[in-house]
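Read through the structure below, which is laid out as structure tokens, and then see the notes.
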Amino acid sequence: MSGTFGHTVSDSATMVRRSLRHVLRNPAGMLMSFAIPIVLLLLFVGVFGDVISAGISGTLRGSAYVNYLVPGIILMMVGYGSSTTALAVNTDKTEGIIARFRTMAIARTSVLTGHVLGAVVRTMISAALVFGFALVLGFRPAAGPVEWLEVSGVVALLALAQSWIAVAVGLSAANPAGTGNFTVVVQVLPFVSSAFVPPESMPAGVRWFARYEPFTPIIDTLRGLLLGTPVGTNALLAVGWCVAFALVGYFWARAVFTRDPD
């Protein structure tokens, strides 16, 4: 049993290295995963920031709009990174790499785990870069060392969850274009959440959706940890949604991967 586990860990580490080498050889995907969030930061802070913050200053309680904005941008950054993962997995599938791995004497789960763990590493690097750029724009978190560790944990858990979903989507799609629906979901849903404005400032129907959709408690948890505001039950909801996404993605990906190829 220990030997089997050891081989699985070793094979998974090999697949993680493969994933990271692909990033070094073709960094465009990782560049996009933090370049787009940086563009959004510039757009909403530099262009729309004064207008938006003037309209919702009461709910922000005097804090700079960039402080409110950054947690949502971090969540979107995770989404863009997972879109890259879905495309990479689908490319492996359509080019026959997945079929070749099925015939090799390696732990079958390592193929999927390599993509997921590689995506988590890329996401954490991108998050550090986005946080650094946000500081240049005026972001001033109140988090201490413990809170930063908790923020890192939430981001890593979210990246893990979305990466498993991305792997499943990449395996299920017939071609790279088929991963587009997943990309649309992870890019659009954050706009209808607490990422850019509080749900209380939205029209009634949109407000209800924004308040109860999965991304809102995750964003609010990050915001509370970063700004030193109460997190409340949002932390439990955030962890619950992430775990649920991870489990759905994991079992979906395993089912598709182990299914006999057409």
Can you name the number of the only condition in (1) modelled with pLDDT under 95; (2) surrounded by fewer than 16 Cβ atoms within 10 Å (Cβ to Cβ); (3) part of a helix (DSSP H, G or I) that residue 122 fails?
(2)
Filtering region 234-255 down to residues that are surrounded by 17 or more Cβ atoms within 10 Å (Cβ to Cβ) and within 21 Å of residue 171 (Cα to Cα) yields 242, 245, 246, 249, 250, 252, 253, 254
Among the numbered criteria (1) more than 28 Å from residue 128 (Cα to Cα); (2) in a helix (DSSP H, G or I), which single criterion is violated by residue 216?
(1)
Hits in region 143-165 (condition: open to solvent by 70 Å² or more (accessible area, probe 1.4 Å) and of a type outside the set (Phe, Trp, Tyr)):
145, 146, 149, 150
Please work out which one of (1) surrounded by 14 or more Cβ atoms within 10 Å (Cβ to Cβ); (2) on the phi > 0 side of the Ramachandran plot is the condition residue 138 fails and give its number.
(1)
Being among the β-branched types (Val, Ile, Thr) and surrounded by fewer than 20 Cβ atoms within 10 Å (Cβ to Cβ) narrows it down to one residue among 169, 184; which is it?
184
Long-range neighbours under 7 Å by Cβ, at least six apart or interchain, first residue aromatic (Phe, Trp, Tyr) within region 161-188, second assigned to a helix (DSSP H, G or I) and open to solvent by less than 60 Å² (accessible area, probe 1.4 Å)
164/116; 164/246; 164/249; 164/253; 182/83; 182/86; 182/166; 182/169
Condition first: without any contact (Cβ under 8 Å) to a residue 60 or more places away in the chain, under 20 Å from the mean Cα position of the chain (by Cα) and surrounded by 15 or more Cβ atoms within 10 Å (Cβ to Cβ). Now tell me which residues in region 190-212 satisfy that.
192, 210, 211
Suppose the filter is more than 18 Å from the chain's Cα centre (by Cα) and outside any helix (DSSP H, G or I); does residue 232 pass it?
yes
Kindly check whether there is at least one residue in region 173-189 that is modelled with pLDDT of 90 or more, among the hydroxyl-bearing types (Ser, Thr, Tyr) and within 30 Å of residue 113 (Cβ to Cβ).
no
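The values are calculated or read from the model by the stated rules, or taken from the named source; none is laboratory data. Note that this is a predicted model, so its numbers are computed, not measured. Note that we place each Cβ from the backbone using ideal geometry, even for glycine, and neighbour counts take in every protein chain shown. Each accessible area value is taken on the protein alone, full model and side chains, heavy atoms only, with ligands, DNA and RNA left out. Shrake-Rupley method; radii C 1.70, N 1.55, O 1.52, S 1.80 Å.
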